[in-house]
1. Looking at (1) within 30 Å of residue 415 (Cβ to Cβ); (2) over 21 Å from the mean Cα position of the chain (by Cα), which one does residue 384 not meet, given that it meets all the others?
2. Evaluate the following for residue 56: is it in contact (Cβ under 8 Å) with a residue 12 or more places away in the chain, out of contact with any helix residue (DSSP H, G or I) (no Cβ under 8 Å at 6 or more places or on another chain) and under 17 Å from residue 249 (Cα atoms)?
3. Restricting the search to the stretch 391-431, which residues are modelled with pLDDT of 95 or more, surrounded by 18 or more Cβ atoms within 10 Å (Cβ to Cβ) and either part of a loop (DSSP other than H, G, I, E, B) or not assigned by TED's automatic domain parsing to the domain that holds residue 53 (or both)?
4. Which condition does residue 84 not pass, out of (1) touching a residue at least 12 places away in the same chain (Cβ under 8 Å); (2) surrounded by fewer than 24 Cβ atoms within 10 Å (Cβ to Cβ); (3) closer than 27 Å to residue 338 by Cβ; (4) under 22 Å from the mean Cα position of the chain (by Cα), if it passes all the others?
5. Looking at the stretch 383-390, is at least one residue within 24 Å of residue 264 (Cβ to Cβ) and surrounded by 15 or more Cβ atoms within 10 Å (Cβ to Cβ)?
6. Take the stretch 322-338 and flag every residue that is in a loop (DSSP other than H, G, I, E, B) and either exposed (fewer than 15 other Cβ atoms within 10 Å of the Cβ) or out of contact with any helix residue (DSSP H, G or I) (no Cβ under 9 Å at 6 or more places or on another chain) (or both).
7. From the list 217, 165, pick out the single residue that is surrounded by fewer than 17 Cβ atoms within 10 Å (Cβ to Cβ), under 28 Å from residue 370 (Cα atoms) and assigned by TED's automatic domain parsing to the domain that holds residue 108.
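The values are calculated or read from the model by the stated rules, or taken from the named source; none is laboratory data. Please read all numbers here as calculations on a predicted model, not as lab measurements. So basically every Cβ, Gly included, is an ideal-geometry build from the backbone, and we count neighbours across all protein chains shown.
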C-alpha cells in the first residue's frame, strides 16, 4: 500500500514509549501514579493488549513496528539459531534487514516526515533519521563503534557527549535514565514526527528479582518520573497540542522456580553428541524462557521422531514442566514463525534453557535465586499488556477493551496520516475523539 499521507493526520507528532514487560499485574499501581494518571485522563487506555507468540522482546517489537505476526515478519526469537554458543556470546536480530516486511518508521520517512529511534529493537542500519539502535558488542568488538556503524553517527555522538556520563554500561536505572534524557533532548531539539523509544528497567527488574518484588515497585515509580520528563519536554518544545503519546507494554513475565535444560533430553538420546572434539546436533531446542523451538536437521525424520518420543516420555512425569507440545497445525492459528514445525510451551513456574552444562532441572528456590521470565503463550491468564494513548485528538478518560499487538502499527499510521494497512491489524478507530 502507498505509504504517502492517505488521510488527514490526527497529530503532527507521535511519541511511542515501549515500556518493556509492562503488563496487567502492574496496572493498579501504575495507574495511580501522577504522570500515567494524567495521560489516562487525557486519553484512552486498556490492560487487555494481547501480545504475539512467543512473547520475546524482539519478536513483539517487530510486530509493533510492522503490524504483522511473526509468521510474516521474519523475527522468530531475539537471536538467530546458534547451537552451543553461550547466551552472552550470541548475535541478536539487531538489524532492520532481517525484517521481511515494511515498517511504520520506513513509511513515515517516505511520507516526508522525520523519525527518531532510541534503543528500539531490530532497528540497526535502518531508515530512522535520528537513530541509537539497541545493539551490543561481542568479544573483540567495540561498543561505541558498533553503535556508530549501525545508527546515525552524528546524532549518536551528540547524545553521548551530552548525556553519556549518566550511563553505566547496561546497568539500571542508569540505562533508562540515559534513554529518557536522549528522548527529552530529541523532542526539544528535533521535534520528530515519530519518536520510538524502548525502556527496559522493568523487564530487567522482573528477570532479576521476580514479578512481585519490591524492586519492581520501585521501577514503576521511576518509570512514572521518566514519563513526566518526556511530558514536560513535549510542553517545553511547544508541541503539546499536536502530539500524541503512546505508552505500551510488550509482554508480561511469570515467576520461575524450575529451569529445565531441554537439550539434555536430546543429548541422552544421542541427538546431540561430541565428535572429533566438536559438538554436533541432529535435533536442538532453541529456548526462549516460556517456550522452545525444536529444530531438526533438514530431512532427518528419524531425529524428529526420537526427539518427540523423548519429550513424550518426559511429559509422563507430572512435574515435567511442559504444558503443551505445539505442532504446526496448532502453531498456525497462533501465527508463530514457520522456522520450525514443533514448539514446547512451559507451565507457569517453569522455564526452558538451552545450556548443556547444568543439571537437567535446577530448583532455583533451593539456590536462593529469584527469577522471572517471558516467552510464554500470550493467552496464558494474567499475561495481557497495558496501553495508554493520550493527546488532544484522543477520547478523554476512555477505557477500551481487547486489542492485538498487530493493531499498533496501523494506528500509529492513522495518527500521523500515513496509510499502513498492509498487515494483520486494524486501526483502533474507537480511541479517537471524533469517534464518540
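1. Failing condition for residue 384: (2).
2. yes
3. Listed by number, the residues that qualify are 391, 393, 395, 417, 424, 425, 427, 428.
4. Status for residue 84: all satisfied but (4).
5. Initial filter on the stretch 383-390 (within 24 Å of residue 264 (Cβ to Cβ)): none.
The answer is no, given that none of the residues of the stretch 383-390 is within 24 Å of residue 264 (Cβ to Cβ) and surrounded by 15 or more Cβ atoms within 10 Å (Cβ to Cβ).
6. Let us first name the residues in the stretch 322-338 that are in a loop (DSSP other than H, G, I, E, B), namely 332-338.
Scanning the stretch 322-338 gives 332, 333, 338.
7. The unique qualifying residue is 217.
Every residue, every condition in (1) within 16 Å of the chain's Cα centre (by Cα); (2) within 24 Å of residue 284 (Cβ to Cβ), yes or no:
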| site | (1), (2) |
| --- | --- |
| 92 | yes, yes |
| 103 | yes, no |
| 126 | no, no |
| 134 | yes, no |
